[in-house]
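A.B. asks: Pasting a structure here, questions to come.
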Amino acid sequence: MNKEGSFRDYIRTELDSFLLARQKEIEIDSDTLKIDLHCHDKNSDQPGERLGRILGIPETWLKTGKLIECLENNRTSALTITNHNNARSCWNLLDKGYDILPGAEFTCTLPGSGCTIHVLTYGFNPLQEAKLNSLRDNLYRFLEYCRTKDILTIWAHPLYFYPNRFSPQAIDDLEHMATLFSHFEVINGQRNSWQNLITIKWLKSFDEEKIDRISRKYPVNIRNLCADPGAMIMVGGSDDHMGLFAGSTGTYVKIPDLKERLKTSTRADLILDGLRMGDVAPYGFFTEEDKMSITFLELFYGIVTQMEDPGLIRMMLHQGTKNEKLLAFLITNGINELRRHKFTMQFLKTFHKSLHGVGPEKWKKSFVKKSTKPLLGEIENIARAKKLDTEIYVRETRHTLDHLFNRLTKQIISRGGENISELSRKNQIGEIKLQEFLEKIELPASLRHLFGEEAESKAGTINAGKIFDRLSFPALASFIIGAVNFTSTKVLHDNRPFLDHFARENGLKTPAKRMLWLTDTFTDKNGIAISLNNYYDEVCRRNLPVDFLVCHETLESAGHLIVTRPLGSFPIPLYKEQSIRIPDIMAIQDIFKKGDYDRIICSTELLMGAAGIYLKQSFNVQAFFFLHTDWLEFASAKLELDEQNLNRLTRFARSFYQSFDKLIVLNRDHADWLAGPKMNIPREKIFATRHWLNKDFTRGLEETDSPCYIRKKNEKVLLFVGRLSEEKGLLDFPEIATVVADQAGPVKVIFCGSGPARAKMETLLPDALFIDWVDQSELGSVYASADFLVFPSRFDTFGRVVLEALYCGCPVAAYNEKGPKDIVEDGVSGILRNNRYDLAEAIAAVLKDEVAHRQMRNEAIKRSAQFDSEKILKQFLGNTGLYEEVEVPV
């Protein structure tokens, strides 16, 4: 885990130092006015995001009076409102006698590039507003007009522009536009704090020589567009749309002889003069996911209570993409469904009030269920915190959201389990095979049927609505909290790749490369867990920037291992010795955020795999998947799926794997299959790796007898190590053993491991020896005393027992499939054949030739030496992008 100061700490320290230094420089005193230069109300009614336009919703429904109240609560001493492309609120307030600086946030386009930015504009009149709107499509003409009319312009959140993609052209455009302004909003209350810091450091790099060099590249006279290029006057604004944080970020403006000048001038005029003079200092509370979550909760409440039906035909005819229209359709139906749930709506209303400092009415607490009372207590804490410091308010709200999500999810798990049990008692859910499950499980197309009490299953189906019919409130409420949490994080990190490239291009500090490794298995007795522990040991030994995250009931965090507690768990039907543990996704998100990770790798397709996709999408980071098992081959062999359901499972797998940036595989066949028509994954996204043996794995001495068996004279020992399950090819063993015995003499079969097929194999091979799992420290002797490891599996992607056997000088006999054929050299370190009879004959032929058998033992050891942890680990880290900057110590 990251024990050094985090990158977030660095950002906060740097921003604090900048603000304190600037505020000290202008000497904040009674001659200082405080203004939020960037805030919105209901007249920001044209959303910048296309999804909002499809839905026909404004950016906010905030009434002007509520905005002013919030500004006053945060002790601002001057007023402006900067709605998008209009100053209607300012004109209305002027008509009512308010002392307000007319302002607006205009969307302007740089000619020739299509780059779109926001320009905060102040000190114009209604006629000039109309002219400004007519010039917005040409930034040069817009700024030239402002220059001639002495209208103040400020470049809002300079590094958040459209399209927000990194390219040499984007860098040139940004540098060019930086020469066209004298004022810049460097502290924006709704943007990434890292973006604010990069903006400050980038602007400080502009000197007269740099500005002159840049301006010579363009056919415009920057003096006609800006009164003082290079002044680099830095201001702040909250960019608040909800009336929650207006005034908590803003600008101090120094006004000499303020008290006297107020006798003859308005505050608005004095603010405008002060801004032009540049004797200003930004202030404010920095933005992180927690603050953004509160904003989106309030926006969601506005949508639920205020949005009108956008009309299906209107949505379908909109110029948005198909995915955007589909999302808009789902949102519209989801909102309509939510409005039918009175208790959930009451919950949202109560939460909305608490965000504005009004707690739940005391009488309501007497009429709610016992299980709901703690939720009201949590919400009441938010209302209390609202009356305190902004930072305390944000922290308390984050704490409450985490607790609510945890409580509600546990209720879903508990009630869902009760519902499943009830349906089972009624014989509506019995012991069904996966094929039946795939055929029957369905989600109703209507959201009303998904969550409504009248949900009815179709004949012959298991309808999710039937199972969730008691979960309306916890399911909807937890979904809302989770969705808001996801959306706020995604929006805040939307331009993360650009910021990273931009910072590197300008020689600024960037987050260190750190990877979080998610897995559902770590302590279990299986090959995946053993391999992951090998990686974990090397990570710890070399102190690499990689941490492992597992969800477990009793395991404790230590070193590079982070453990989160499950919200619930249930056994896997086909692997009853292993459980599916349900992680707290918000806890995982918090771990990722605080750990300063910038990439993810997953090793299992269960819930941690889904969590990996969630983190990738929300934090806008790279995600890799390490394929240890060919589950489709397993499903085909073990679950007896017909072609239709196998195709359905294939589509699920394809969608899952395509969600990752890179796939790491253990054999060539798997890579070819992923790149083939069924998966259709680009070859350049697929990388190969290998396993290696733990340094603690001991090569046993070759002995006549196994530590668990005394060999009879001239007897040959065929060994199997692994899980005793039919998909491992165990049913081929009787014929293999019989053929070898007929051709090479007496044979003893030893099975080392446990599993569901043990009883069946004891019946088929009554003379075989069955021993349980053997500790890794003793397993070497078991291999060394065997004549062959027989590995009849056709679905294993690697087969680490193959490598273990070779290391101990035990030749391997396997099918010419996937993992084994990339490890075993046929006729040299082992045998590869296509069917069990040919495999058995080849084993017998080698056993009858002692010289050949001895040579094969020696070659097995040589082959295992080629699987060197040093080389494999360097290649692996290179595939994940870590090795470019991370030295891998020996």
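The values are calculated or read from the model by the stated rules, or taken from the named source; none is laboratory data. Remember, predicted model here, so these are calculated numbers, not experimental data. Cβ atoms come from the backbone with ideal geometry, glycine included; neighbour counts cover every protein chain shown. Each accessible area value is taken on the protein alone, full model and side chains, heavy atoms only, with ligands, DNA and RNA left out. Shrake-Rupley method; radii C 1.70, N 1.55, O 1.52, S 1.80 Å.
A.B. asks: Can you pull out the residues in the stretch 375-392 that are acidic (Asp, Glu) and open to solvent by 30 Å² or more (accessible area, probe 1.4 Å)?
C.D. replies: Keep residues of the stretch 375-392 that are acidic (Asp, Glu), which gives 378, 380, 389, 391.
Within the stretch 375-392, 380, 389, 391 meet the criteria.
A.B. asks: For the stretch 860-878, what are the residues that are in contact with an Asp or Glu (Cβ under 7 Å, 6 or more places away or on another chain) and either modelled with pLDDT of 90 or more or of a type outside the set (Ser, Thr, Tyr) (or both)? Reasoning before the result, please.
C.D. replies: To start, the set of residues in the stretch 860-878 that are in contact with an Asp or Glu (Cβ under 7 Å, 6 or more places away or on another chain) comprises 863, 869, 873.
The answer is 863, 873.
A.B. asks: When only residues in the stretch 504-543 that are among the polar types (S, T, N, Q) and in contact with a helix residue (DSSP H, G or I) (Cβ under 9 Å, 6 or more places away or on another chain) count, which is most open to solvent (accessible area, probe 1.4 Å)? Walk me through how you get there before you give the answer.
C.D. replies: Here is the first cut: in the stretch 504-543, the residues among the polar types (S, T, N, Q) are 506, 510, 519, 521, 523, 526, 531, 533-534, 543.
Okay, now just the ones that are also in contact with a helix residue (DSSP H, G or I) (Cβ under 9 Å, 6 or more places away or on another chain), so 506, 510, 519, 521, 523, 531, 534.
On the way: 506: 48, 510: 28, 519: 0, 521: 4, 523: 73, 531: 3, 534: 7 Å².
Ranking the candidates gives 523 first.
A.B. asks: Out of everything in the stretch 617-629 that is open to solvent by 10 Å² or more (accessible area, probe 1.4 Å) and over 14 Å from residue 593 (Cβ atoms), what residue ends up being farthest from the chain's Cα centre (by Cα)?
C.D. replies: 629
A.B. asks: What number of residues within the stretch 22-41 satisfy the criterion of being without any contact (Cβ under 8 Å) to a residue 40 or more places away in the chain and either open to solvent by less than 40 Å² (accessible area, probe 1.4 Å) or more than 13 Å from residue 253 (Cβ to Cβ) (or both)? Walk me through how you get there before you give the answer.
C.D. replies: We begin by selecting, within the stretch 22-41, every residue without any contact (Cβ under 8 Å) to a residue 40 or more places away in the chain; these are 24, 29.
Next cut, either open to solvent by less than 40 Å² (accessible area, probe 1.4 Å) or more than 13 Å from residue 253 (Cβ to Cβ) (or both) only: 24.
Of the residues in the stretch 22-41, 1 are without any contact (Cβ under 8 Å) to a residue 40 or more places away in the chain and either open to solvent by less than 40 Å² (accessible area, probe 1.4 Å) or more than 13 Å from residue 253 (Cβ to Cβ) (or both).
Yes/no matrix, rows are residues, columns are (1) open to solvent by 40 Å² or more (accessible area, probe 1.4 Å); (2) in a helix (DSSP H, G or I):
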residue: 719; (1), (2): no, no
residue: 732; (1), (2): no, yes
residue: 735; (1), (2): yes, yes
residue: 743; (1), (2): yes, yes
residue: 766; (1), (2): yes, no
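A.B. asks: Quick check on residue 271: is it in a helix (DSSP H, G or I) and crowded, with 20+ Cβ neighbours inside 10 Å? Full working, then the answer.
C.D. replies: On the way: in a helix (DSSP H, G or I): yes; crowded, with 20+ Cβ neighbours inside 10 Å: yes.
Here the answer is yes, as residue 271 does meet what is asked.
A.B. asks: Take the residues in the stretch 103-162 that are β-branched (Val, Ile, Thr) and part of a strand (DSSP E or B); name whichever of them is nearest to residue 201 (Cα to Cα). Even if it seems obvious, please write down each step before you answer.
C.D. replies: Let us first name the residues in the stretch 103-162 that are β-branched (Val, Ile, Thr), namely 107, 109, 116-117, 119, 121, 148, 151, 153-154.
Pick out the ones that are also part of a strand (DSSP E or B) and you get 107, 109, 116-117, 119, 121, 153-154.
On the way: 107: 25, 109: 25, 116: 22, 117: 20, 119: 20, 121: 24, 153: 21, 154: 17 Å.
Ranking the candidates gives 154 first.
A.B. asks: List pairs: first residue in the stretch 1-19 and surrounded by 15 or more Cβ atoms within 10 Å (Cβ to Cβ), second residue at pLDDT below 90 anywhere in the structure, Cβ distance under 8 angstrom, at least six positions apart or on different chains.
C.D. replies: Hits for this filter: 8/288; 11/286; 12/286; 15/286.
A.B. asks: In the list 694, 714, which residue meets the criterion of being closer than 30 Å to residue 850 by Cα and at pLDDT below 90?
C.D. replies: Step by step, each of 694, 714 is checked, and only 714 is closer than 30 Å to residue 850 by Cα and at pLDDT below 90.
A.B. asks: For the condition more than 40 Å from the chain's Cα centre (by Cα) and either in contact (Cβ under 8 Å) with a residue 12 or more places away in the chain or under 20 Å from residue 59 (Cα atoms) (or both), what is the one hit in 163, 111, 102? Don't jump to the end; show me each part of the working.
C.D. replies: Values: 163 fails: more than 40 Å from the chain's Cα centre (by Cα); 111 fails: more than 40 Å from the chain's Cα centre (by Cα).
On inspection, the qualifying residue turns out to be 102.
A.B. asks: Of everything in the stretch 233-268, what is hydroxyl-bearing (Ser, Thr, Tyr) and either part of a strand (DSSP E or B) or closer than 25 Å to residue 355 by Cα (or both)? Give them in sequence order. Lay out the reasoning, then the answer.
C.D. replies: Just the residues of the stretch 233-268 that are hydroxyl-bearing (Ser, Thr, Tyr), to begin with: 238, 248-249, 251-252, 264-266.
Across the stretch 233-268, the qualifying residues are 238, 248, 249, 251, 252.
A.B. asks: Evaluate the following for residue 79: is it open to solvent by 10 Å² or more (accessible area, probe 1.4 Å), free of Cβ contacts under 8 Å to residues at least 24 places away in the same chain and among the hydrophobic types (A, V, I, L, M, F, W, C)?
C.D. replies: Details: open to solvent by 10 Å² or more (accessible area, probe 1.4 Å): yes; free of Cβ contacts under 8 Å to residues at least 24 places away in the same chain: no; among the hydrophobic types (A, V, I, L, M, F, W, C): yes.
Answer is no for this residue.
A.B. asks: Hey, another quick one. Among the numbered criteria (1) touching a helix residue (DSSP H, G or I) at 6+ places or on another chain (Cβ under 6 Å); (2) open to solvent by 40 Å² or more (accessible area, probe 1.4 Å); (3) of a type outside the set (Gly, Ala, Ser), which one does residue 775 miss?
C.D. replies: Failing condition for residue 775: (1).
A.B. asks: Out of curiosity, is residue 251 touching an Asp or Glu at 6+ places or on another chain (Cβ under 8 Å) and among the β-branched types (Val, Ile, Thr)? Steps first, please.
C.D. replies: Working: touching an Asp or Glu at 6+ places or on another chain (Cβ under 8 Å): yes; among the β-branched types (Val, Ile, Thr): yes.
So residue 251 passes the test.
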